[in-house]
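The values are calculated or read from the model by the stated rules, or taken from the named source; none is laboratory data. Only a predicted model underlies this, so the values are computations on that prediction, with no experimental measurement involved. Side chains are part of the model used for accessible areas, which takes the heavy atoms of the whole protein and leaves out ligands, DNA and RNA. Shrake-Rupley method; radii C 1.70, N 1.55, O 1.52, S 1.80 Å.
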Amino acid sequence: QVQLEESGGGLVQPGGSLTLSCAASGSIFSINGMRWFRQAPGKQRELVAARNNGGGTDYADSVKGRFIISRYDAKNTVYLQMNSLKPEDTAVYYCNALGYYKTDSIPKMFDSWGQGTQVTVSS
């Protein structure tokens, strides 16, 4: 089992900034990719940003130029720096990690999710 825990959510005014963190723990062999999703009330969960071990990144069109995803691989942690926040960014943000965990034979794949952290952008 690999567990993820998000932190850093809260209330921020439009135009403000906020940074989310997500740390993975457990019998990790490797993490090959980490991603941030979000889900607003009445909306489907959507991909916000993703980063793989090669440094490649993907961003939703709605956040390009405003959000930055980064990883501290040595501590199995992913960050989401959010700038110029808009009310439309209000949602529960979830982190996701894909990789392999240790077993008594060979490493096996995992796909783990955090519990989510609330981000509210409002005056």
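Averaging Cα coordinates gives a centre for region 36-67 and one for region 75-123; these two points are 10 Å apart.
Mind running the shape call on region 1-60? Use the C-alpha gyration tensor, a ≥ b ≥ c as the square roots of the eigenvalues: rounded below 1.5 for a/c, prolate if a/b tops b/c, oblate otherwise. Spell out each step's value before the answer.
Working: a/c = 1.80, a/b = 1.57, b/c = 1.15.
Because a/c hits 1.5 or more and a/b exceeds b/c, region 1-60 counts as prolate.
Report the antiparallel proportion of the DSSP beta bridges in the chain as a percent, rounded to a multiple of 5.
Bridges in the chain that DSSP calls antiparallel: roughly 95 percent.
Per residue, what volume in Å³ does the Cα convex hull of the chain take up? Per-residue hull volume (Cα only) is 94 Å³.
Just the number, please: carbon plus sulfur as a percent of the accessible area of the chain, 1.4 Å probe, no ligands or DNA/RNA counted.
Accessible surface attributable to carbon and sulfur in the chain totals 46 percent.
Partners of K102 within straight-line reach, counting lysines whose Cα lies under 30 Å from its Cα and excluding those fewer than 8 residues away in the same chain: K75. By the equivalent-ellipsoid construction on the alpha carbon gyration tensor, region 32-95 comes out with semi-axes of 21, 12, 10 Å, ordered largest to smallest. Close amide H pairs (under 5 Å, H built 1.01 Å from N) link F67 with N83, residues at least 5 positions away or on another chain.
The H on the amide N of N76, modeled in the peptide plane, is under 5 Å from the matching H of no residue at least 5 residues off or on a different chain. The residues of the chain present an accessible area of 56 Å² per residue when probed at 1.4 Å with all protein chains retained. Determine which lysines satisfy two conditions relative to K64: a Cα distance under 17 Å, and not lying fewer than 8 residues away in the same chain. Those lysines meeting the cut-off are K86.
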